[in-house]
Amino acid sequence: MQNSLSKLFPRTARVNADDHLEIGGRDVVALAREYGTPLYIFDEEHLIMRAREIREAFRARDPNTLVLYATKAYFSPYVARLFQAEGLGLDVTSEAELEIARRADFPRDQIYLHGNNKTPAEIRTAFAMGVDHIIVDNLDEVDLLARIATEMHVAANVLLRLAPNIDPHTHKYLATGVAESKFGLPLAIGDAFRAAELVTRHSPLLTLVGLHLHIGSQIFDPDPYRAAIRAAANFAAHVREKIGVELREWDLGGGWGVAYTEEQTTLTPSQVASHIFETLDELPITNYQLLFEPGRALIAQSAVALYTVGAVKEIAGVRTYISVDGGMGDNVRPALYDARYTARVANKMNAPPAHSVAIAGRYCEQGDILIENVALPRVAAGDLIVMPVAGAYHLPMASNYNLIPRPAVLVVRDGKARVIRRRETVEDMLECEVDT
């Protein structure tokens, strides 16, 4: 792409002769006219190539490695089928995610059920489907799993999610491996070992097969991964010595950093794999299978969010607001995490910046600001704002705040576009209301 933001846009993005952004061979200005905005556009070629890049970075070092896509980043039947074809597994957390996997006929032995407070209904759904890998997050869950397994005459393979008290140097809401995290079994106070003992008491209904680590998201420093792996190895050795169980499956989670602005640099799969395998090679462990759970790293850069400019409000000497027809209803990350983004004008890609503006959403909250400060050319109502790196944690966290419908989703490739999620309507939103 002929601009300084090429590392943030999908792989097929380019500027065409009309000075418009083009993705997958389609002019996004034409797509906006045809499908309306807000609009999310996924680049299929980018998705496929990224899946292969991540898969091969790890399998080149260990052919038995299983890459699980973390579905919470964004999930749909389309995504399930695409990643199944690329040989990836799934990390799922809810009945609906399980149902999408079922409809895609996803291999059951490549689906792992997560969650810090799994409901009996979720566990029963997983068991009924034949999903038998469960990540245990707390002590209470062990007895619940055993009870349901007894009722349904099934057995489960259990991995323990560890909270190793490692600071991943990220936003506090994205740090999931620290001592006070709501996720995982703390190593420091012995809960993880007590869980291992509980699981083995329920054998053969429950079989303790491995451990799980996910210390956080948006991690750009590999050192916390090294520390977490060493802590896990010490725990595995303790379990082997005291209980006699060899933990064969090592799920090292995901979370490596993805660039959202020019100032950041995405960690490459090769960099992550090198750091992890170098650390593992230093440890006295053998005969294990590695699993990884990239979500954001797999899908974030594959999509853009496209908005139409409405009002332009210039507050003299203070700030200029460019208001768009989306906002925190389809992207809550800036309000929730103070996440930083950048943007371009999709119908004026090579126009030079004229001033710094804030991109404001349409929702009734002062905090609905998608970007606090970005340099753009002069824009007016009807221009199109495009935000890259929109593939992860936008649509899954979308809401109907102010009773505003959620956006449509397209996938583009080789000059063709197709809708994979139609635009929500007012009728869709009100369908669950029974007192009408």
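Figure legend. Inter-residue proximity from region 218-239: first residues in contact (Cβ under 8 Å) with a residue 24 or more places away in the chain and outside the structural domain of Asp338 (by TED's automatic domain parsing), second residues small (Gly, Ala, Ser) and assigned to a helix (DSSP H, G or I), beta-carbon distance below 9 Å, spacing 6+ or different chains. Indicated pairs: Pro222/Ser274; Phe235/Ala192; Phe235/Ala196; His238/Ala196; Val239/Ala192; Val239/Ala196.
All conditions in (1) in the same structural domain as Gly210 (by TED's automatic domain parsing); (2) in contact (Cβ under 8 Å) with a residue 60 or more places away in the chain; (3) within 30 Å of Asp325 (Cβ to Cβ) hold for Ile299, with the sole exception of (1). All told, Ser270 falls short of being of a type in the set (Ser, Thr, Tyr), surrounded by 24 or more Cβ atoms within 10 Å (Cβ to Cβ), within 22 Å of Gly89 (Cβ to Cβ) and touching a residue at least 24 places away in the same chain (Cβ under 8 Å).
Please work out if Leu47 is surrounded by 23 or more Cβ atoms within 10 Å (Cβ to Cβ) and without any contact (Cβ under 8 Å) to a residue 60 or more places away in the chain. Even if it seems obvious, please write down each step before you answer.
On the way: surrounded by 23 or more Cβ atoms within 10 Å (Cβ to Cβ): yes; without any contact (Cβ under 8 Å) to a residue 60 or more places away in the chain: no.
So Leu47 does not fit the description; no.
In the list Asp338, Asp368, Asp325, Asp383, which residue meets the criterion of being of a type in the set (Asp, Glu) and touching a helix residue (DSSP H, G or I) at 6+ places or on another chain (Cβ under 8 Å)? Quick ask: steps written out before the conclusion?
On the way: Asp338 fails: touching a helix residue (DSSP H, G or I) at 6+ places or on another chain (Cβ under 8 Å); Asp325 fails: touching a helix residue (DSSP H, G or I) at 6+ places or on another chain (Cβ under 8 Å); Asp383 fails: touching a helix residue (DSSP H, G or I) at 6+ places or on another chain (Cβ under 8 Å).
Asp368 is the lone residue from the list that is of a type in the set (Asp, Glu) and touching a helix residue (DSSP H, G or I) at 6+ places or on another chain (Cβ under 8 Å).
Residue under question is Val67, and the condition is that it be in contact with a His (Cβ under 9 Å, 6 or more places away or on another chain) and not assigned by TED's automatic domain parsing to the domain that holds Leu252; does it hold? So Val67 fails the test. Checked against (1) more than 15 Å from Thr65 (Cβ to Cβ); (2) assigned to a helix (DSSP H, G or I); (3) not hydrophobic (A, V, I, L, M, F, W, C), Ser270 passes all but condition (1). For region 306-353, a residue qualifies if it is small (Gly, Ala, Ser) and surrounded by fewer than 17 Cβ atoms within 10 Å (Cβ to Cβ), and the qualifying residues are Gly310, Ala311, Ala316, Gly317, Ala351. In the condition set (1) free of Cβ contacts under 8 Å to residues at least 24 places away in the same chain; (2) over 26 Å from Ala417 (Cβ atoms); (3) of a type in the set (S, T, N, Q), Asn16 is compliant with all but (2).
Which count do you get for residues in region 368-417 that are β-branched (Val, Ile, Thr), over 21 Å from Arg333 (Cβ atoms) and within 25 Å of the chain's Cα centre (by Cα)?
The first filter runs over region 368-417 and keeps only residues β-branched (Val, Ile, Thr), leaving 369, 371, 374, 379, 385-386, 389, 404, 409, 411-412.
Subset that is over 21 Å from Arg333 (Cβ atoms): 379, 411-412.
Still in the running and within 25 Å of the chain's Cα centre (by Cα): 411-412.
Within region 368-417, residues that are β-branched (Val, Ile, Thr), over 21 Å from Arg333 (Cβ atoms) and within 25 Å of the chain's Cα centre (by Cα) number 2.
Looking only at region 33-61, which residues are of a type in the set (A, V, I, L, M, F, W, C) and closer than 17 Å to Ala392 by Cα? Matches in region 33-61: Leu39, Ile41, Phe42, Leu47, Ile48, Met49, Ala51, Ile54.
Table: residues versus (1) in contact with a Phe, Trp or Tyr (Cβ under 9 Å, 6 or more places away or on another chain); (2) of a type in the set (A, V, I, L, M, F, W, C).
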{"residue": "Glu372", "(1), (2)": "no, no"}
{"residue": "Val386", "(1), (2)": "yes, yes"}
{"residue": "Tyr393", "(1), (2)": "yes, no"}
{"residue": "Tyr401", "(1), (2)": "yes, no"}
{"residue": "Cys432", "(1), (2)": "no, yes"}
{"residue": "Asp435", "(1), (2)": "no, no"}
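Scanning region 286-305 for residues that are over 30 Å from Pro38 (Cβ atoms) and either surrounded by fewer than 18 Cβ atoms within 10 Å (Cβ to Cβ) or among the hydroxyl-bearing types (Ser, Thr, Tyr) (or both) yields a total of 4. For region 203-248, the tally of residues that are under 22 Å from the mean Cα position of the chain (by Cα), outside any helix (DSSP H, G or I) and not hydroxyl-bearing (Ser, Thr, Tyr) stands at 11.
Does Asn331 satisfy being assigned to a strand (DSSP E or B), polar (S, T, N, Q) and in the same structural domain as Ala408 (by TED's automatic domain parsing)? Before you say what the answer is, go through the steps one by one.
Values: assigned to a strand (DSSP E or B): no; polar (S, T, N, Q): yes; in the same structural domain as Ala408 (by TED's automatic domain parsing): yes.
Considered against the rule, which asks whether it is assigned to a strand (DSSP E or B), polar (S, T, N, Q) and in the same structural domain as Ala408 (by TED's automatic domain parsing), Asn331 comes out as no.
The values are calculated or read from the model by the stated rules, or taken from the named source; none is laboratory data. Quick caveat, the model's predicted, so the values are computed rather than measured. Every residue, glycine as well, gets a Cβ built from its backbone with ideal geometry; the counts of neighbours run over all protein chains shown.
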